[in-house]
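Take a look at the structure below.
The values are calculated or read from the model by the stated rules, or taken from the named source; none is laboratory data. None of the values given here were measured: they were computed from a predicted structure. Cβ: placed from backbone, ideal geometry, glycine included. Neighbour counts: every protein chain shown. With ligands, DNA and RNA removed, areas are computed over all heavy atoms of the protein, side chains included. Shrake-Rupley method; radii C 1.70, N 1.55, O 1.52, S 1.80 Å.
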Amino acid sequence: MIQSEENVPPVPQGKYIPASRVGDLIFTSGMTPRHKGGLIQTGKVSTEEPLHIYRQAVRLAVSNALNAINNILNEDEKLNQILALNVYVNAQENFQAHSGIADFASEYLYEQLGQNGIGSRAAIGVASLPGNAPIEIQITAVCTKY
């Protein structure tokens, strides 16, 4: 699997920052499956394809979001818990397995953070995404001091 480089902040594709915070709350911008500036997969999520072909793209987008979070933490802080996960799916009109796509994101967060990686979640079908990305991930998290 392609993973984003450890602690390398995602490069914004417009006039925004990868993550912002208020107190201990951290909000990521929408993250697509970009590796070294380019999307690793494009196009609509299709009912004709098995869901697993989107797994790597979802995991990369979540990895990018975690990097954005980690890069906004102070030296004496750590990511404590995922509060909310929004998974936007660039879906064909008749696609209905949005939660299956979102499960790949939840699975990755659980692997990285255990039970603290599981928060509330929304899986949302959309007509299009930037760059024709198949998915976009947005996370709200909380950090704590060591």
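Under 18 Å from GLU49 (Cβ atoms), in a helix (DSSP H, G or I) and either basic (Lys, Arg) or in contact with a strand residue (DSSP E or B) (Cβ under 6 Å, 6 or more places away or on another chain) (or both), is that true of ILE101? Taking the combined requirement at face value, the residue satisfies it. Each residue in the stretch 56-93 was checked for being open to solvent by 10 Å² or more (accessible area, probe 1.4 Å), assigned to a helix (DSSP H, G or I) and within 17 Å of GLY43 (Cα to Cα), and 2 of them qualify.
For the stretch 42-55, the candidate set comprises residues that are open to solvent by 80 Å² or more (accessible area, probe 1.4 Å) and without any contact (Cβ under 8 Å) to a residue 12 or more places away in the chain; within that set, the residue that is farthest from the chain's Cα centre (by Cα) is GLU48. Residue by residue through the stretch 16-41, note down the ones that are open to solvent by 40 Å² or more (accessible area, probe 1.4 Å) and not in a loop (DSSP other than H, G, I, E, B). Listed by number, the residues that qualify are SER20, ARG21, VAL22, LEU25, PHE27, ARG34, HIS35, LEU39. Among the criteria (1) of a type outside the set (Val, Ile, Thr); (2) open to solvent by less than 70 Å² (accessible area, probe 1.4 Å); (3) part of a loop (DSSP other than H, G, I, E, B); (4) in contact (Cβ under 8 Å) with a residue 60 or more places away in the chain, the one PRO12 does not fulfil is (4). If you go through the stretch 103-146 and pick out every residue that is closer than 23 Å to ASP24 by Cα and either at pLDDT below 95 or in contact with a Lys or Arg (Cβ under 7 Å, 6 or more places away or on another chain) (or both), you end up with 6.
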